[in-house]
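The values are calculated or read from the model by the stated rules, or taken from the named source; none is laboratory data. Since we're looking at a predicted model, the values are computed, not measured. Here the Cβ positions follow ideal geometry from the backbone for every residue, glycine too, while neighbour counts run over all protein chains shown. Side chains are part of the model used for accessible areas, which takes the heavy atoms of the whole protein and leaves out ligands, DNA and RNA. Shrake-Rupley method; radii C 1.70, N 1.55, O 1.52, S 1.80 Å.
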Amino acid sequence: MTVKYAITGAILAASMAAAPAAAQDMVRIGTEGAYPPYNYTDSDGNLVGFEIALGNAMCEEMGVECEWVAQDWDGIIPALLNERYDMIMAGMSITDERRERIAFSQPYVADPAYFVAAEDSDYMSAETVEDIKAALEGASVGVQTATIHQNFIEQHLGDSVDMRLYDTQENMELDLTSGRIDAALADGAAWRAFFEREDGGGYGYFGPALTGQEYPVFGEGVGVGLRQEEEALQTMVDEALTVLKEDGTIAELSREYFSGEDITVY
């Protein structure tokens, strides 16, 4: 979808209030563009990835044009609330904490989180969260800021580790491979993209797969974030996602971008 329309937040809100959902011409989607394979920027500067492909398919199903907007992760919810764009597709997990500020569509995928470190480290023997806490005592552990992973470490590891915050997954990986941090926590899909790169060799998971079923901090899967008042747009998005689930589109994109490992397609 290449056609761009300049529609202000006020015009969009007015059109949604005054007209049926099908009459909306364009939606702007905020994404980080730095979290492969969910969303990232290719060598030509184009936004690509699972959520870009899914968002474009979703917009086609809704009969609207998509305009993608790149936004740093730590400002992604404030920018939505300030009407820089109309929804978020950025590997964002549906959590009660975020629901206090924004609404969510139904989930489209879920992906466990994992701790990662060098395969020759002593951490590899950790099998439970209790083991991880003991093994990492005093160690430096990286997470991306303002994420469920930061919340998990704060809730379950507390002051036993030296938590280091990063603006992007890539910068965290750079510090991991350079030895500036001992371990890191992120979604499995992001780690699999890292393992496929040359600098990701020699690193692996330790401890259990961490999911929202056992640890509610991880939420209920990944969904589209929307402003709470945008009920008509949320209905459009949910209806489109239902179609894309039932016709196999989401499953097909999942196989293409995630290699099928541990990913739950709703």
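Yes/no per residue for (1) more than 16 Å from Phe50 (Cα to Cα); (2) outside any loop (DSSP other than H, G, I, E, B); (3) more than 20 Å from the chain's Cα centre (by Cα):
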residue	(1), (2), (3)
Ala189	no, yes, no
Tyr205	yes, yes, no
Gln213	yes, no, no
Met236	yes, yes, yes
Leu244	no, yes, no
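Per the listing Leu226, Leu241, the residue uniquely within 19 Å of Trp68 (Cα to Cα), touching a helix residue (DSSP H, G or I) at 6+ places or on another chain (Cβ under 6 Å) and not polar (S, T, N, Q) is Leu226.
Look through the range 135-169, keep the residues that are over 23 Å from the mean Cα position of the chain (by Cα) and loosely packed, with under 15 Cβ neighbours inside 10 Å, and return whichever of them is nearest to Phe194 (Cα to Cα). Once the filter is applied, the top-ranked residue is Asp162. The residue list Ile102, Ile132, Ile88 contains one member that is farther than 27 Å from Gly49 by Cα and open to solvent by less than 30 Å² (accessible area, probe 1.4 Å), which is Ile132. Within the bounds of the range 118-131, is there any residue that is under 17 Å from Asp162 (Cα atoms), modelled with pLDDT of 95 or more and in contact with a His (Cβ under 7 Å, 6 or more places away or on another chain)? Yes, the range 118-131 has at least one match. Taking the criterion of being over 18 Å from Lys133 (Cα atoms), in contact (Cβ under 8 Å) with a residue 60 or more places away in the chain and open to solvent by 10 Å² or more (accessible area, probe 1.4 Å), the only residue of the range 170-186 that qualifies is Glu170. For the range 194-245, a tally of residues being of a type in the set (A, V, I, L, M, F, W, C), within 18 Å of Val265 (Cβ to Cβ), touching a strand residue (DSSP E or B) at 6+ places or on another chain (Cβ under 8 Å) and surrounded by 19 or more Cβ atoms within 10 Å (Cβ to Cβ) returns 4. The number of residues in the range 69-85 being under 19 Å from Ala189 (Cβ atoms) and either more than 11 Å from the chain's Cα centre (by Cα) or open to solvent by less than 10 Å² (accessible area, probe 1.4 Å) (or both) comes to 1. Looking only at residues of the range 33-68 that are among the aliphatic types (A, V, I, L, M) and under 25 Å from Gly188 (Cα atoms), we find that the one that is surrounded by the most Cβ atoms within 10 Å (Cβ to Cβ) is Met58.
For the range 144-160, does any single residue satisfy the condition of being under 20 Å from Gly202 (Cα atoms), in a loop (DSSP other than H, G, I, E, B) and of a type outside the set (Phe, Trp, Tyr)? So far as the range 144-160 goes, no, none of its residues is under 20 Å from Gly202 (Cα atoms), in a loop (DSSP other than H, G, I, E, B) and of a type outside the set (Phe, Trp, Tyr). Residues in the range 220-233 that are touching a Lys or Arg at 6+ places or on another chain (Cβ under 9 Å) and either modelled with pLDDT under 95 or not in a loop (DSSP other than H, G, I, E, B) (or both): Gly225, Leu233.
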